[in-house]
1. Treat the count of other C-beta atoms within 10 Å as a stand-in for reagent exposure and order Met75, Met44 from fewest to most.
2. Do the alpha carbons of any pairs in Lys47/Lys71; Lys35/Lys71; Lys36/Lys78 sit beyond 28 Å of each other, and which pairs?
3. Which order results if Glu60, Glu91 are arranged by neighbouring Cβ count within 10 Å, fewest first?
4. Would you mind getting me the FRET efficiency between Ile18 and Lys71? Use the beta-carbon distance for r and R0 = 22 Å, nearest 0.05.
5. Stretch Asn39-Ile58 to full length: gain in nm at 0.36 nm per residue minus the Cα-Cα span?
6. Treat the count of other C-beta atoms within 10 Å as a stand-in for reagent exposure and order Val27, Val72 from fewest to most.
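Every number in this text was worked out from the coordinates using simple rules, so none of it is lab data. Just so you know, these numbers come straight off a predicted model, no measurement behind them. Here the Cβ positions follow ideal geometry from the backbone for every residue, glycine too, while neighbour counts run over all protein chains shown.
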Amino acid sequence: MPMFRLPQEEELIIGFGIYPSIPKSQVQPILAELKKLSNLSLEMGGKRYLTCWIDFTIQEWQSQFGDYWPKVNEMKRKYDSKGIFNSGFFEYEQINYPVIAPQENQLVENVATKSAIAV
């Protein structure tokens, strides 16, 4: 299954990147505009390059992966049934992960670190 999605139409592929350097006060308005551009590209059959900022609803994830969406969910359930990898990045369908609670672990060097275990 190709994780790098391409539009179905093979006649034209356009890639563009936006790397804004903006004042902190303008972050939210700029993200709103970037979201509009992202949605427009999906509506036109485009696909997102999955790096950095992705603010997709489950419907947008379905649009991104198209016919592969059921396979993506199947693989997530099979290979990451506890929801450890990319936690919070993807919104998968009907996966009930166990609650994860932080716990202190003691290392040999007496340095405390945080880890997550299922409870």
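1. Numbers: Met75 14, Met44 9.
Least crowded to most crowded, the residues run Met44, Met75.
2. Details: Lys47/Lys71 17 Å; Lys35/Lys71 26 Å; Lys36/Lys78 34 Å.
As for pairs spanning more than 28 Å Cα to Cα, those are Lys36/Lys78.
3. Working: Glu60 17, Glu91 13.
Lowest to highest Cβ neighbour count: Glu91, Glu60.
4. Working: r = 30 Å, r/R0 = 1.35.
Working from the Cβ atoms, E equals 0.15.
5. Values: separation 19, 0.36 × 19 = 6.84 nm, distance 1.29 nm.
So the chain would gain 5.5 nm between Asn39 and Ile58.
6. Values: Val27 11, Val72 18.
The fewest-first ordering by Cβ neighbours comes to Val27, Val72.
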